[in-house]
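Report on the following structure.
The values are calculated or read from the model by the stated rules, or taken from the named source; none is laboratory data. This one's a predicted model, so the numbers in the text were calculated from it and none came from an experiment. Don't worry about glycine lacking a Cβ; one is built from the backbone with ideal geometry, like all the others, and counts go over all protein chains shown. For accessibility, only protein heavy atoms count, side chains too; no ligands or nucleic acids. Shrake-Rupley method; radii C 1.70, N 1.55, O 1.52, S 1.80 Å.
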Amino acid sequence: MSRERILIVSSRKEFISFCKVVFERDFDFFCVQTEEISFIRPEFFLVLAVLIDGSCFSCGESSYISKFFKNTLERPIFVCFKESDCLKYVSALVKLKGEVSSSGKDLFCAEKLDECICAENNLCLGFKAQIEIACKSDSTVLLLGESGSGKNHTARFIHENSIRKNSKFTSFNLAEINPNLIESSLFGSIKGSFTGAEENSGIFEEASNGTLFIDEICELSLESQGKFLGVLDSREFSKVGSSKKIGLDARLIFATDSKISELVEKNLFKKQLFYRISVLVINVPPLRERKDELVKIAEDCASVFGKKLSSCAIKKLLDFSWPGNIRQLKNCIERSCVSAKKEILFADDIIFF
C-alpha cells in the first residue's frame, strides 16, 4: 500500500507534533503554518486529506484555504477541534486508503466520508467549521447575514444534522406577523383572551421537541422582548389569557439581517436578550463571497428551464455583486431563461433587472 501524503495546517507546533505521532505509521506529511498555504502549488501536491486545526481557525485563514482548494474540491478535509478527532480520523483515512487501493479508483474520486467536513463548493471552510459546532450541540444559535443569503437554509441544515433531526423543524418570521398578534402567535392564546381570540397552541408549543427557527428577531417590540427574555430564562411560557405554565423544549435558532449590536447600543434591543440568543453566533457569508455555490445555484436553476450556461454567462454572473443574494440570483436566472430562445445562455442573455 502506497504512503499518501497528508497536509497539516496549523499555527500550533504541539498540534503538528501530535498529528505526526498519530499518522506516521500510514502516511507521509507536509506541515505548514496557516498563512503559508497560499504558497503551496496544489497541482503538484498530491494529498489524500487535509487536516485543519479548528481550535485556532479564524475567518482570515479561510481565504488561504479556499484559494488552495479552488480546483481540487473533491479532496476530503478534516477540521479537528480536539485531539480525539485526530484519532477518529486516522482510522477513517486508513479505511478509505484501503478501499481506494483495492478498487483501483482515482484517489480524488473517492467517496466523501460522513464524519468529515469536505471542501464542497457550497460553503467556505470557515463557515462550515462553525456549522459543525452548531450541529453537534443543542445550544441556541444566532445567524447573522444579509437578506437572501440563506439563513433559513442554514438553520434547516443545522436541524437536519442535529440530535433533533427526527423531530419537527418549525420556521417563524416575525416580520410577516402583525405586531399586535406576535405574542399570541408565539405563546398561544385561550378563547376570549382578547377580541376575536380562539384557542391557539402557538409556535412554542407546536415546536416542542424539535427546532424552532425565528427569523427577523429584531422585529420584536421592547415589551415583547421582555416577555421573550423571561421565557428563555425559565424555559416556560403561558398562553395569552392563561396563568398555566407550559415547558419549552425546543432548540432555538434566531436570525436577522439587521446590525443587532447597533440596536443594542441604541437601547432598541434588550442587551440581556441579545446575550441569551447569541450563545453560538454564525455569520452567513453573502453570495458574492461564495462563488462556487453561486455557479451551482445558477446551473441548477437554469436546468429547471432546460437551459445551460456558457462560460461567458458564468463569468458575467461571477462579476456581479448580487446585493439581493440567492433570491436575486434565482430571479435573474429565471428571467434570463424565459427570455432566451436558445438552449445555451450566453453573456448577452443574462438579464439582471
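Within region 228-250, being assigned to a loop (DSSP other than H, G, I, E, B) and not aliphatic (A, V, I, L, M) holds for R235, K239, G241, S242, S243, K244, D249.
Of all residues in region 289-329, those satisfying the criterion of being among the charged types (D, E, K, R) and over 19 Å from the mean Cα position of the chain (by Cα) are E299, D300, K307, K308, K315, K316, D319.
Of all residues in region 329-344, those being open to solvent by 30 Å² or more (accessible area, probe 1.4 Å) and of a type outside the set (D, E, K, R) number 4.
Let me spell it out: the conditions are (1) surrounded by fewer than 20 Cβ atoms within 10 Å (Cβ to Cβ); (2) in contact with a strand residue (DSSP E or B) (Cβ under 9 Å, 6 or more places away or on another chain), and C135 meets all of them except one. Which number is the exception? It fails just one condition, (2).
Within region 259-285, restricting attention to residues that are polar (S, T, N, Q) and in contact (Cβ under 8 Å) with a residue 40 or more places away in the chain, the residue that is most open to solvent (accessible area, probe 1.4 Å) is Q272.
Check whether at least one residue in region 124-146 is at pLDDT 85 or above, part of a loop (DSSP other than H, G, I, E, B) and closer than 20 Å to I326 by Cα, and report yes or no. The answer is yes; a qualifying residue exists. Residues in region 291-314 that are modelled with pLDDT under 90 and open to solvent by less than 30 Å² (accessible area, probe 1.4 Å): E293, L294, I297.
Taken together, I203, I177, I253 contain a single residue that is free of Cβ contacts under 8 Å to residues at least 60 places away in the same chain, touching a strand residue (DSSP E or B) at 6+ places or on another chain (Cβ under 7 Å), at negative phi and among the hydrophobic types (A, V, I, L, M, F, W, C), which is I203.
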